[in-house]
1. Would you mind ranking 219, 163 so that the residue whose beta carbon has the fewest other beta carbons within 10 Å leads the list?
2. How do 194, 48 rank when sorted from fewest to most other Cβ atoms within 10 Å of their own Cβ?
3. Sort 15-23, 274-282 by packing, meaning the average of other beta carbons within 10 Å per residue, with the highest value first.
4. Pulled fully out, how much extra length does the chain show between residue 351 and residue 8, if you take 0.36 nm times their separation in residues and subtract their Cα-Cα distance?
5. Label residue 15 and residue 73 with points 7 Å out from Cα along Cα→Cβ: what is the distance between them in nm?
6. Taking neighbour Cβ counts within 10 Å as the exposure measure, how do 240, 39 sort from fewest upward?
7. Highest first, please rank the peptides 64-75, 337-348, 204-215 by the mean number of other Cβ atoms sitting within 10 Å of their residues.
8. With a Förster radius of 45 Å, plug the Cβ-Cβ distance of residue 190 and residue 274 into 1/(1 + (r/R0)^6) and report the FRET value to the nearest 0.05.
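What follows is calculated from the coordinates using simple rules that are stated; it is not laboratory data. Keep in mind that this is a model prediction, so the values were computed, not measured. Cβ placement follows ideal geometry from the backbone for every residue including glycine, while neighbour counts extend to all protein chains displayed.
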């Protein structure tokens, strides 16, 4: 059977796509820092271009943008360290108290329904004193000891942490040159449709990333202020985490809710903390679902929360951490491709031909 020219093109592009996916799967451990740097370069390149338009040398613009992103991440990490070290004594004191409260109030109620449960508070207290009585220096010493045992794993993490900013620097510095070389590989006869396709993909990704980033920042401010007004000592880290984690719909919200419930139990050890968490997170979910996300992200991009969850889980299962990195960009490409296929089908003779 002789294949038509269109069929040969389709088979060639399909084979190329399958080969690319196979290479990503085989090289996923190596590609992680490069893909992460590529995604960061795509997100940060507009900031570099904005500085260069103001006559800042591109080399200096890249350094300033990368330093700004690094300082933001480092500030978040340094913000958590003193809070965690301050909360360790509270955690050490509250866990035995919660165990006693469960034995006093919950165990009798369960016994009335035929469930006999009794916590060994002495063992729990001994465990807490053993593992939570250490100070920050002891925790660091334990971490260093573990690092010596699992040296290869730690070296891999450190190597990626060093490699990521280096790769990001070169990508940002040569971003337009790399895009030009990639564009030069596209056959001239295919450049108009490919250009329109990539422009639509870039518009969708840009709208999604910018809108989602603004939603994350606004929710981080809301949760931090709301928990602070409710009297939570961990309002800032829990609020920031919840706001940033909503990038993963529902799952991020659930993790933030779990952290807030744990903080309420440890700090208040009564019904007030749980009620405060319920009110704050209920209002936050309403704010996100009915105000922020529809207005700042919108359904026009074609990536619903359910699609985002499925893409992250599916790509993460297939390709691990690398799959999580490429899930949303590939999904956006798939949505645009599906839209183009639908338009081609609706305008085809197969759809428009009258019934015989």
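1. On the way: 219 26, 163 15.
Listed from fewest to most nearby Cβ atoms, that is 163, 219.
2. Working: 194 13, 48 23.
Least to most surrounded, the residues fall as 194, 48.
3. Numbers: 15-23: 10.6, 274-282: 17.0.
Put in order of decreasing packing, that is 274-282, 15-23.
4. 121.1 nm
5. With each label point 7 Å from Cα toward Cβ, the separation is 3.9 nm.
6. Numbers: 240 21, 39 17.
Ordered by Cβ neighbours within 10 Å, fewest first: 39, 240.
7. Working: 64-75: 12.9, 337-348: 11.0, 204-215: 18.0.
Highest-to-lowest ranking by the protection proxy: 204-215, 64-75, 337-348.
8. On the way: r = 59 Å, r/R0 = 1.32.
E between residue 190 and residue 274, to the nearest 0.05, is 0.15.
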